[in-house]
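The values are calculated or read from the model by the stated rules, or taken from the named source; none is laboratory data. These numbers were taken from a predicted model, which means no experiment stands behind them. Don't worry about glycine lacking a Cβ; one is built from the backbone with ideal geometry, like all the others, and counts go over all protein chains shown. Accessible surface is based on the protein model in full, side chains and every heavy atom, while ligands, DNA and RNA are left aside. Shrake-Rupley method; radii C 1.70, N 1.55, O 1.52, S 1.80 Å.
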Amino acid sequence: MADAQTLKDSYTRLAEAVQAGDLSTVESALTENYRWYGNKGQELDRAGLVGMVGGYVTAFPDMKFTMHSMIADGDMLAVMWTVSGTHTGPMGDIPATGKRIEMRGHVLCRYEGDKLAEEWELFDEALMLQQLGLGD
């Protein structure tokens with residue numbers, strides 16, 4: 001089991017890889033049987049998470065994560081974050097709007113050694129869509 005600082009450093013490196021669009025580093029940080037659980041009952045495996053991250057990197061190439069709080073206990077890490085970026089690329093079938101977003105989220109992570117095995121993540125998708133001019 002990794003110590004608390006190792007888990008925090010590992011997640012920080014993962015966020016930096018996401019910001020840089022370095023999908024190979026993102027993939028290598030995950031266990032083979034990795035699972036992600038998100039808003040509205042979404043569930044992704046390792047390839048699905050890398051694909052989702054790639055989609056966000058395309059949509060928001062200037063994406064920036066700010067970590068507000070990281071709390072580790074055993075093999076678990078809880079993180080509160082803010083992400084910001086400019087929607088300059090397509091997001092699925094939504095064309096670029098050129099608008100900026102900023103939203104908060106949080107994630108609970110379970111590690112196996114130094115690899116991320118599971119994540120339970122929640123963020124305000126409705127706020128993001130509203131900021132893009134696509135929601136109420």
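Simple point charges give the picture: +1 on the Cβ of Lys and Arg, -1 on the Cβ of Asp and Glu, and for the chain a dipole about the Cα centre of about 360 debye.
A simple spin-label model places the labels of E125 and T66 2.5 nm from each other, with each point 7 Å out along Cα-to-Cβ. Working note: Cα atoms of segment 81-136, range along each principal axis, descending, whole Å: 41, 20, 17. In this structure, T86 and S24 have a Cβ-Cβ separation that, at R0 = 41 Å, corresponds to a calculated FRET efficiency of about 0.95.
A Förster radius of 30 Å combined with the Cβ-Cβ distance from T58 to Q5 puts the calculated FRET efficiency at roughly 0.40.
Distance distribution P(r), the chain, all Cα-Cα pairs, bin width 5 angstrom from 0: 2, 10, 19, 24, 22, 13, 6, 3, 1 percent. Sparsely packed loop sites in segment 79-133 (the GluC sites (Glu not before Pro) outside DSSP H, G, I, E and B with at most 12 other Cβ atoms within 10 Å) do not occur. Taken along the Cα-to-beta-carbon direction at a fixed 7 Å, the label points for N39 and A78 span 2.2 nm. Which residue, W120, G48, S69, has the largest displacement toward the positive end of the dipole of the chain when charges sit on each Cβ (Lys, Arg +1; Asp, Glu -1)? Value: S69. Per residue, the average separation of C-alpha pairs within less than 8 Å and at least 6 apart gives the chain a relative contact order of 25 percent.
With N the number of residues in segment 19-72, Rg(Cα) / (2.2 N^0.38 Å) evaluates to 1.22. Ignoring ligands, DNA and RNA, what percent of the 1.4 Å accessible area of the chain is carbon and sulfur? Ligands and nucleic acids excluded, carbon and sulfur give 53 percent. Annotation: per residue accessible area for the chain equals 52 Å², rounded to a whole number [probe 1.4 Å, protein chains only].
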